[in-house]
Structures are given as C-alpha cells and as structure tokens.
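Novice: Questions regarding the structure given below will be posed in turn.
The values are calculated or read from the model by the stated rules, or taken from the named source; none is laboratory data. This is a predicted model, so every value here is computed, not measured. Don't worry about glycine lacking a Cβ; one is built from the backbone with ideal geometry, like all the others, and counts go over all protein chains shown. Please note that ligands, DNA and RNA were not included when accessible areas were found on the heavy atoms of the full protein model with its side chains. Shrake-Rupley method; radii C 1.70, N 1.55, O 1.52, S 1.80 Å.
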Number of protein chains: 2
Amino acid sequence: MYNYKMTVSYDGSNFRGWQKQGNTDNTIQGKLESIAGSLAETFGVGGEAVDVNGAGRTDAGVHAVGQTANFKLRKYAEASYVKEYFNKYLPEAIRVVAVEEADERFHARLCAVKKTYRYNIFVGEEMNVFLRKYAYFPDLKEKSLDLDAMRQAAERLVGIHDFSGFCTKVPKNKSAVRKIYSVNISESDLVKGLVTVEFCGNGFLYNQVRIMTGTLLEIGEGKRTAESIGDIFKANDRAMAGFTAPPYGLMLMSVEY
Amino acid sequence: MYNYKMTVSYDGSNFRGWQKQGNTDNTIQGKLESIAGSLAETFGVGGEAVDVNGAGRTDAGVHAVGQTANFKLRKYAEASYVKEYFNKYLPEAIRVVAVEEADERFHARLCAVKKTYRYNIFVGEEMNVFLRKYAYFPDLKEKSLDLDAMRQAAERLVGIHDFSGFCTKVPKNKSAVRKIYSVNISESDLVKGLVTVEFCGNGFLYNQVRIMTGTLLEIGEGKRTAESIGDIFKANDRAMAGFTAPPYGLMLMSVEY
C-alpha cells in the first residue's frame, strides 16, 4: 500500500463539518473520500472504498488553513498527480494544497503531536463584511474587550490539565488530559478590530477550543474573572465554563508530526 | 432638506452591482433606497422615493470597503439613528459604517476629488480558499508575475491622459481625460501569494480599472511590454489594451472630497 499525506484548506461555511455522515453527504471527508475512490478506480482498483483520515474532526462551519489527512492506494501514483486529481474534482471551497508520500505507518490523527487552532473575534461598531463568515462578532456593551484580563486567563490554560470542564462530551474510558503549549491573543495590525486567539496544544477535546474561547470572551467582557479558570479545572464541570463560541470564527491552522 | 453622507462597505459577490435596475432588484443602491424610503416614511413623509447617490457605480461582483453615498430627508434625523436604521434592515453583506450630516450642496459622485480602487491578484499553485471571491487567480504558466515590468507599466499610467483605450464604453460628448495620482503594486506580507494593485485617481471610466489591471497582468506574464501602454494612449483603441480583469478581484477602497 502507498500512503499519502495531504494538507487540505477549506472554507467550512457551506459544509457539514469534516466527518462523513453517509455516502452522499456534504462533508469535507465525504468529498475527499469520494474523489479518493475515483482515483483508486483510475488505477484499476475499482469499487474499493478509500478511507481519508483527518487530523482534526472540525465541526460544521469551522474552517481550515492546514488540515492534514492521509489515505492509502494499492497502486503507486505520483504525489503531484494525486494533488492535481483532487483539485480537479473538489469544489472551489476545498483545496488540497500539498500531497507527499508518507511512511506506511503514518496516520494523520494518531501521529499528530501538535495542533494550532485560531479563533477570530471582531470588535467594532459594525461588522467587517469580509469577515462575517470567518470571525465572531460579539454584541459587546463597551465595544471593547479587556485583552489584559484575557491574557492572564489564557496563561492559566497553558500546561497539562484535565480539560473535562471545557468539553461538550467527555470521552468515555479515555483521558481528558491534554497539554496546551501556548495561547496567544493578538490584535491585527492590518484589519482594524480583528482580535485573534491562537491555541497550540498536543490535542483538543470535542468543542474544547470553542468553549475556551467563549470563556475567555466572558472574561474580556468582565462577566467573569481570570481566576475562574482555576475553579473550572478544580470542578471539572462544563456548566462552570463559558459559552461555546460559534464555529465560523474557528480555523484549524496547522498540524505538526 | 437634510443631506446625509454615508460610507458603505459591501461584499459584492451576490449583488448585481451598485446601480439600481428596477424596484425589486438585487443591487446595493436598490437595497439602500428601499430602506431610505422606509426611513423617510417613519418621519411622516410617506410614499416618497429617496435617491441615494453613490460615488462609484461598481459593477456586479465588485466589492467596497469605503463606497460613499448621499441622500436627503425632508425631516431631521440624528446621524447615529440613520446609521442604526440602515444596518437593522440591510443584509449582512452590506454595512453602513458611517453617517454624517453634510452640506446641502454635497453630492457623493459630483463632489468626489479622489478615488482609490484596489485589485487583488492571487499568485500560487493553488487558490487560497478564503480569497476565492475577493481575488483573481490567473492561470499563469510560470506561477509568478514580473512585478518589475508591471511597476514600469504602472508608472506610464500615472498622470493626465485620455483613457478611451482603457474603457468599454467611451462617454459620448464627454471627456475621457482623467488624472491618475498613483498606481502601487505590492505583495502582501501577511497572505502569501497576494499581490495588490492600488489605483488612485480623480475618477475612472467604465471598466477602466479592470482593463488597466488586465493590461498590467498581461505585462506581468510577459505577453506584452510596458511600452505598449504608450501605444494604447496614442491609438486610444480599446482593442489594443489587455483583457478586462474579472469583477470579484476589485474593491472600491475610499473616496475623498
């Protein structure tokens, strides 16, 4: 079997997320597997389903700059041919930006050691029309966020913790302990009003990034304190954390191996 | 009459351009006039059509960061109320970003002294999915543009010229002479592959920016020389200029008075 690693970028606005839900569904994985199947067929291995494993199962509406996936073919194809083949049949909102041959043991999800997600927040009087599908526009009373308080809270998220309190579905019989390397909050020089929160960690639980963002936003609005992060860790109670920030502000930036 | 100047931002992707084409059309002007009419009605001047004059009649698919328009009301309304009223009823892809009271003689198109348009070009192996509706992705053989040649050509466009050769419909009984203050070509630091061409002038003819961009692109691809600009000015012949670059890469950035 020949194993291929690919980097995929997508505008998730009009898709039902990464994970396939059926044969004719509108998911990123569904689209990729359908094309991977046709690709296998052109190499004479017809009728065979090809699994495309993604590093992160992004929710409906979530975007990706550098999602990573892998899949296997029985017959050899040039990486450049594979890339061209996918992009020929994919909708414009999904692009395979890189394909390379990988070791047969490589698995995009199981081998990932570091993932970076970015959450875009727009702060201003009126929403920037070009960001309306790519950034969350909170209804702020003060039209500003206390970024200092958010940064203090972000520091408390960094490190090795049980993130059960920041997760919608706690995994059964599996650890909810993850390591966060960094949480950086910055204001864009280029786009006035754009605030980005970049999370870098070894892995994230279901909805974890969106709940951490919602919690940081509530801190930025003065609705809760930076210290409340410690309380959530102590209690491991989802109800104590902030709201789940909407999916369209979230982007999977990169996956490292 | 109370005259209001407003700055409007829009994602032109799903509209049929600025200029209204009927009563129930999907144009930016049509949307604004319909709301301006309702606004006049709430002030007791019902049944009256309100004209909204835009500084630039952008084509279908063209975007605006800072389109400027003006309209008049018989009764006084606070500028902040007017802004809020428009944004309450406008679709998300159109936002009124500023409203101020203006002198009664102010007319957004007739009084404009300087307009800035930006054309976004994306150069790379695969299109950036987030720019697909906001930048043109030329099918380049070399996957690169000769920016030096384009800059030399851009210099030749600067100044006072008869731009008939760079215009789809030459105005009848009107001058085709316009002044271009600057044409700046730059590569984005932030978005790899994004090349922007910014045109600043006292006014532009129909399709002029898109034809100038198409001509610069052909120069960047080596299909024609920077010197060909002078030949187009000598002949004033549209057929000698380059192709009309597609609308979705174009943005009206600002209008000065």
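Novice: In segment B:124-153, how many are more than 8 Å from chain A (Cβ to nearest Cβ) and open to solvent by 40 Å² or more (accessible area, probe 1.4 Å)? Break it down stepwise before answering.
Specialist: Taking segment B:124-153 as the starting set, the residues that turn out to be more than 8 Å from chain A (Cβ to nearest Cβ) are B:124, B:131, B:133, B:135-153.
Checking the rest, the ones that are also open to solvent by 40 Å² or more (accessible area, probe 1.4 Å) come to B:133, B:136-137, B:139, B:141-144, B:146, B:148, B:151-152.
So the answer is 12.
Novice: Same structure again: Which one of these is touching a residue at least 40 places away in the same chain (Cβ under 8 Å) and among the aliphatic types (A, V, I, L, M): B:Leu190, B:Leu194?
Specialist: Just one listed residue meets the conditions, B:Leu194.
Novice: So which of B:Asn207, B:Asn173 ends up being without any contact (Cβ under 8 Å) to a residue 40 or more places away in the chain and polar (S, T, N, Q)?
Specialist: It is B:Asn173.
Novice: Hey, another quick one. Could you say which residue among A:Asn207, A:Asn184 is away from every other protein chain (no Cβ under 14 Å), under 17 Å from the mean Cα position of the chain (by Cα) and farther than 25 Å from B:Leu190 by Cα?
Specialist: A:Asn207
Novice: Might you check whether a residue that is without any contact (Cβ under 8 Å) to a residue 60 or more places away in the chain, among the aliphatic types (A, V, I, L, M) and farther than 30 Å from A:Leu205 by Cα occurs anywhere in segment A:50-58?
Specialist: Within segment A:50-58, none of the residues are without any contact (Cβ under 8 Å) to a residue 60 or more places away in the chain, among the aliphatic types (A, V, I, L, M) and farther than 30 Å from A:Leu205 by Cα.
Novice: Tell me, which residue of segment A:6-31 that is within 14 Å of chain B (Cβ to nearest Cβ) and part of a helix (DSSP H, G or I) is surrounded by the fewest Cβ atoms within 10 Å (Cβ to Cβ)? Write out each step before concluding.
Specialist: First pass over segment A:6-31, keeping only residues within 14 Å of chain B (Cβ to nearest Cβ): A:6-15, A:28, A:31.
Imposing the further condition that a residue be part of a helix (DSSP H, G or I) reduces the set to A:12-14, A:28, A:31.
On the way: A:Gly12: 28, A:Ser13: 16, A:Asn14: 12, A:Ile28: 27, A:Lys31: 22.
Looking at residues that are within 14 Å of chain B (Cβ to nearest Cβ) and part of a helix (DSSP H, G or I), I get A:Asn14.
Novice: Right, here's the next one. Taking the condition at positive phi and either open to solvent by 10 Å² or more (accessible area, probe 1.4 Å) or not assigned by TED's automatic domain parsing to the domain that holds A:Lys169 (or both), does A:Gly61 pass?
Specialist: So A:Gly61 passes the test.
Novice: In this structure, does A:Ile121 turn out to be more than 14 Å from every other protein chain (Cβ to nearest Cβ) and modelled with pLDDT of 95 or more?
Specialist: Spelling it out, A:Ile121 is indeed more than 14 Å from every other protein chain (Cβ to nearest Cβ) and modelled with pLDDT of 95 or more.
Novice: Right, something else. Is there any pair with a first residue in segment B:86-109 that is facing chain A (nearest Cβ under 7 Å) and a second that is in a loop (DSSP other than H, G, I, E, B) whose Cβ atoms are under 6 Å apart and which are 6 or more apart or on different chains, and what are they?
Specialist: From segment B:86-109, the pairs are B:Glu92/A:Arg132; B:Ala93/B:Asp11; B:Arg95/A:Glu126; B:Val97/A:Glu126.
Novice: Inside segment B:160-185, can you point out the residues that are surrounded by 13 or more Cβ atoms within 10 Å (Cβ to Cβ) and farther than 19 Å from B:Ala241 by Cβ?
Specialist: Hits for segment B:160-185 are B:Tyr181, B:Ser182, B:Asn184.
Novice: Hey, can you tell me all the residues within segment A:72-91 that are surrounded by 13 or more Cβ atoms within 10 Å (Cβ to Cβ) and in contact with a strand residue (DSSP E or B) (Cβ under 6 Å, 6 or more places away or on another chain)?
Specialist: A:Lys72, A:Leu73, A:Ala79, A:Val82, A:Lys83, A:Phe86, A:Asn87
Novice: Considering each of B:Ser9, B:Ser34 in turn, give the residue that is over 19 Å from B:Val255 (Cβ atoms) and outside the structural domain of B:Leu131 (by TED's automatic domain parsing).
Specialist: B:Ser34 is the lone residue from the list that is over 19 Å from B:Val255 (Cβ atoms) and outside the structural domain of B:Leu131 (by TED's automatic domain parsing).
Novice: Another question about this same structure. Do you know which of the residues in segment A:75-116 that are charged (D, E, K, R) and part of a loop (DSSP other than H, G, I, E, B) is nearest to A:Trp18 (Cα to Cα)?
Specialist: That would be A:Arg109.
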